[in-house]
Amino acid sequence: MSKYVITHKLKLNYHILFYSMINYNANISIQERTENFAIRVIKAYSELNKRPFDDAGKILSKQFLRSGTSIGANCSEAKYAQSNKDFINKYSIALKEANETLYWIKIMIKSELVSKSKFQNLIEENEKIIKILTTSINKLKEK
């Protein structure tokens, strides 16, 4: 086993341990959390597509779908990062996508395409993901 593989596995284990310590449903990894979030985004998008939106509504909902599913994809890619820098980079991209997803949700609410009450749980989960990713990135940069 190469030094990198051992180091990378230790970092992943550290990340899972640290993630557990910050107590956001400590029994699941960030990969699983973001995968579950992506599934919820897909279901919300499917419901939104049943409505007769104008072009702006369709574009906003597709942006929401794209960024909301990209979070988990980048966290998943981080599992096979080639270096610590690459790992941090993947998490940083996931963080940007999470922030963008929150932006699209807020725009859809403010433009009255969706109600805040129907998206409140997604907002809260998205904010948790942002906190987890931010904390993880900062901790990994300290090393």
Give the ranking of TYR80, TYR45, TYR103, TYR91 by solvent-accessible surface, highest area first, calculated with a 1.4 Å probe. TYR80, TYR103, TYR45, TYR91
Under a crude label model (7 Å from the Cα following the beta-carbon direction), how far is LYS85 from LYS128 in nanometres? 3.5
Could you tell me which GluC sites (Glu not before Pro) in the stretch 48-143 are loop residues by DSSP with no more than 15 other beta carbons within 10 angstrom of their beta carbon? GLU112
Viscosity 0.692 mPa s, temperature 37 °C, Stokes-Einstein D of the stretch 78-143 from Kirkwood C-alpha radius, µm²/s: 253
Loop only by DSSP, 16 or fewer other Cβ within 10 Å of the Cβ. Give me the trypsin sites (Lys or Arg not before Pro) in the stretch 32-135 that pass, ordered by residue number. LYS50, LYS79
Ranked from the most accessible area to the least, with a 1.4 Å probe and all protein chains present, what is the order of THR34, THR69? THR69, THR34
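The values are calculated or read from the model by the stated rules, or taken from the named source; none is laboratory data. Since we're looking at a predicted model, the values are computed, not measured. Counting neighbours? That spans all protein chains shown, and the Cβs are built from the backbone with ideal geometry, glycine included. All accessible areas refer to the heavy atoms of the entire protein, side chains included, with ligands and DNA or RNA removed. Shrake-Rupley method; radii C 1.70, N 1.55, O 1.52, S 1.80 Å.
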